[in-house]
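Below: the structure, in structure tokens.
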Amino acid sequence: GASSESYQQRNEITVSGKDVPMPMTSFEAIGLPSEILRELLQAGFPAPTPIQAQSWPIALQNRDIVAIAKTGSGKTLGYLIPAFMHLKRVRKNPQLGPTVLVLSPTRELATQIQDEAVKFGRSARISCTCLYGGAPKGPQLRDLSRGVDIVVATPGRLNDILEMRRVSLSQVSYLVLDEADRMLDMGFEPQIRKIVKEVPARRQTLMYTATWPKEVRKIAADLLVNPVQVNIGNVNE
Ligand code: ADP
Ligand code: MG
């Protein structure tokens with residue numbers, strides 16, 4: 001309707017793809033489990049950010065997404081909230097491996113994502129662990145063997161653990177590539193491609209990036225299926 005269109009205009013949201021749903025401009029519109037809704041309200045968040053409002057309804061249709069939005073726009077909950085909803089529907093036995101996999105370029109960023117997943121997912125009994133280099137593998141392997149719903153990982157450490165055969169990605173059905181441009185700048189493309197080979201082709205894939213250069217377009221074309229593209233604000237290419 002007109003008010004949704006002006007929400008998109010006011011917030012400089014542009015989308016491309018077939019039959020893209022209108023933004024969900026309130027937390028109540030999503031049909032969240034009540035315990036997660038309560039966490040969002042308790043955090044003092046007044047409403048979804050534009051990237052959240054636009055990417056939630058698309059992700060909830062099980063569609064692939066490329067989202068291009070600058071740092072600080074709330075991308076983490078942009079993909080975590082639909083991940084929680086996905087887990088409610090298709091949660092597997094976490095002992096067999098994670099259902100949700102998030103790839104992130106650095107230890108610092110991966111830890112921030114894990115903190116957000118724990119903060120907002122704990123009351124719904126969603127478990128999450130974080131795998132990154134420069135730290136002993138022991139505790140990470142212990143968490144994996146206990147079983148977790150969500151793994152947040154840097155590509156290098158996840159590949160090491162895959163080579164040790166201490167994690168299986170055969171249950172992953174929701175894959176996120178966060179800060180894709182930065183992961184490629186850091187030279188992680190070969191590791192990302194190796195990891196994605198271990199994830200079943202029947203999955204939902206979401207890619208979040210701050211910029212949209214041709215290397216990122218190429219990997220998006222290879223790993224995503226008919227993605228809806230969401231841009232917030234002016235994107236430099
Ligand atoms: P990005 O990944 O786009 O850089 P983040 O996901 O790290 O952004 O979010 C930036 C900050 O905004 C975080 O502190 C996060 O908790 C906060 N935030 C997320 N969603 C909302 C919201 N709907 N309203 C207010 N603050 C939010
Ligand atoms: Mg981020």
Express in Å², to the nearest 10, the accessible area of Ser173 obtained by rolling a 1.4 Å probe over the protein heavy atoms while all chains stay in place.
20
Length-normalised contact order for the chain - Cα pairs under 8 Å, 6+ apart - percent:
28
Find the all-direction average of the projected area of the Cα convex hull for the chain, expressing the result in square nanometres with one decimal place.
12.1
From DSSP H assignment alone, runs of 4+ in the chain each adding -39500 (n - 2.57), the sum over residues rounded to the nearest 500 puts [θ] at 222 nm at -12500 deg cm²/dmol
Taking the Cα centre of the range 66-138 as the origin, how large is its charge dipole in debye, to the nearest 20, when only Lys and Arg (+1) and Asp and Glu (-1) carry charge on their Cβ atoms?
280
Using DSSP to call loops (not H, G, I, E or B), can you name the GluC sites (Glu not before Pro) in the range 8-60 whose Cβ has at most 15 other Cβ atoms within 10 angstrom?
Glu12
Dipole of the range 85-182, Cα-centred, from +1 at each Lys and Arg C-beta and -1 at each Asp and Glu C-beta, to the nearest 20 debye?
520
Give a quick list of trypsin sites (Lys or Arg not before Pro) in the range 175-237 that DSSP marks as loop, anything other than H, G, I, E or B, with at most 16 other Cβ atoms within 10 Å.
Arg202
If I build a Gaussian network model for the chain, linking alpha-carbon pairs within less than 10 angstrom, which residue out of Pro50, Pro94, Pro227 has the largest mean-square fluctuation?
Pro94
Leu41 accessible area, assembled protein chains, probe 1.4 Å, Å²
90
What's the magnitude of the charge dipole for the chain around its Cα centre, counting Lys and Arg as +1 and Asp and Glu as -1 at the beta-carbon? Answer in Debye, nearest 20.
800
Hey, can you grab everything whose amide H is under 5 Å from the amide H of Val176? Only 5+ residues off in sequence or another chain; H modelled, so Pro and N-termini drop out.
Leu101, Val102, Leu103, Leu206
5 angstrom amide H check on Val148, placed H, neighbours 5+ away
Gly97
List the relative contact order of the range 68-196 as a percent without decimals, with contacts defined as Cα pairs under 8 Å and 6+ residues apart.
34
Of the candidates Ala124, Ala180, Ala210, which one comes out as most mobile in a Gaussian network treatment of the chain with C-alpha springs shorter than 10 Å?
Ala124
Could you order Asp19, Asp143, Asp222, Asp181 by accessible surface area, starting with the largest, using a probe radius of 1.4 Å?
Asp19, Asp222, Asp143, Asp181
Which is farthest toward the positive dipole end of the chain among Leu224, Thr209, Val151, measuring Cα position about the Cα centre, with Cβ charges +1 (Lys, Arg) and -1 (Asp, Glu)?
Val151
Nearest 5 is fine: what % of DSSP beta bridges in the chain come out antiparallel, could you say?
15
Of all trypsin sites (Lys or Arg not before Pro) in the range 1-80, which ones are in loop regions per DSSP and have a Cβ with at most 10 other Cβ atoms within 10 Å?
Lys18
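The values are calculated or read from the model by the stated rules, or taken from the named source; none is laboratory data. The structure presented is a predicted model; accordingly, all values stated were derived computationally and were not measured. Counting neighbours? That spans all protein chains shown, and the Cβs are built from the backbone with ideal geometry, glycine included. To get the accessible areas, we keep the full protein, side chains included, count just its heavy atoms, and leave off ligands, DNA and RNA. Shrake-Rupley method; radii C 1.70, N 1.55, O 1.52, S 1.80 Å.
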